[in-house]
Amino acid sequence: MAKDWKEAELILHFHLNKIVGKQTPLLKEWIETEAPVFSIREFELFEEIYQEGLENITYWAEEDLKMYFISNVLRLSKLMNSENKGFVGLFEKKLNATVNDTKLSVRTDFLVAKGFKNVIEEHYFHFQEYKPQLNPSGEPMAQILEAFLIAQTKNATLTPLYGCEVIGKQWTFVVMEGKDYCLSEVFDCTRKEHLLKIIAILRKFREILETKLLH
């Protein structure tokens, strides 16, 4: 059975460095972005998911949150499959690797990778979500770090890695470069201005992906 790592255990075991109290240049570049510009159809979808989240997010089970809310946020963020652009968005993928003689295994809720259909060539973005009141197994930030360490082992190049942790209504973004990782402030998706910011940040990641990461 795979070990359920804690964030602190991963920091100690793999000599990671959590940067606190400031933002790295890459994180700052990512999250300091303009509000998204929606088409009429996108604006209607945004208003719909915002209202649904506002009314139901405290009642939804984990799968409900994924299907009714998160999947639509990802769609508005333009992170779903785009094979003609060279990347794919995949749900519920099991990742494995041996990192410094330690076997790691994690199931990522959503990932963005260079690839085709269900074939992953290079990892770029990992997303973990859970509902704390429903007795989740494992820490989502630890799972993101595991996915990052696996990606660093499998990727052909040492590109920065991007991720997002969702705990109920709280969204936090993370960037990892080498052994260093840094977290954003926490965004509350039941606040309209924060939900707009979440979508803007995710759209910004697609821009970074297409201009700096894909090769």
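The values are calculated or read from the model by the stated rules, or taken from the named source; none is laboratory data. Here the structure is a predicted model, which is why all the values come from computation and not from measurement. Cβ sites come from the backbone with ideal geometry, for glycine too, and all protein chains shown count toward neighbours.
Points worth noting:
- For the stretch 61-74, the condition holds for no residue, the condition being that it is part of a loop (DSSP other than H, G, I, E, B) and of a type in the set (Ser, Thr, Tyr).
- Filtered residues of the stretch 69-107 (kept if free of Cβ contacts under 8 Å to residues at least 60 places away in the same chain, closer than 19 Å to ALA156 by Cβ and under 17 Å from the mean Cα position of the chain (by Cα)): VAL88, LEU90, LYS93, LEU95
- Considering the stretch 116-148, the residues that are among the polar types (S, T, N, Q) and either touching an Asp or Glu at 6+ places or on another chain (Cβ under 9 Å) or part of a strand (DSSP E or B) (or both) include one that is modelled with the lowest pLDDT, namely SER137.
- Residue in the stretch 46-54 that is more than 19 Å from the chain's Cα centre (by Cα), in contact (Cβ under 8 Å) with a residue 40 or more places away in the chain and over 22 Å from GLY168 (Cβ atoms) present: no
- Residue check, ALA113 out of contact with any Gly (no Cβ under 9 Å at 6 or more places or on another chain), at pLDDT below 95 and among the small types (Gly, Ala, Ser): no
- Within the stretch 1-59, the set of residues being in a helix (DSSP H, G or I), of a type in the set (Gly, Ala, Ser) and more than 24 Å from GLY178 (Cα to Cα) comprises GLY53 only.
- Residues located in the stretch 8-17, provided they are under 20 Å from the mean Cα position of the chain (by Cα) and surrounded by fewer than 16 Cβ atoms within 10 Å (Cβ to Cβ): ALA8, ASN17
- Flag for THR157 being touching a His at 6+ places or on another chain (Cβ under 8 Å) and among the hydroxyl-bearing types (Ser, Thr, Tyr): yes
- All conditions in (1) loosely packed, with under 12 Cβ neighbours inside 10 Å; (2) within 27 Å of ILE208 (Cα to Cα) hold for GLU42, with the sole exception of (1).
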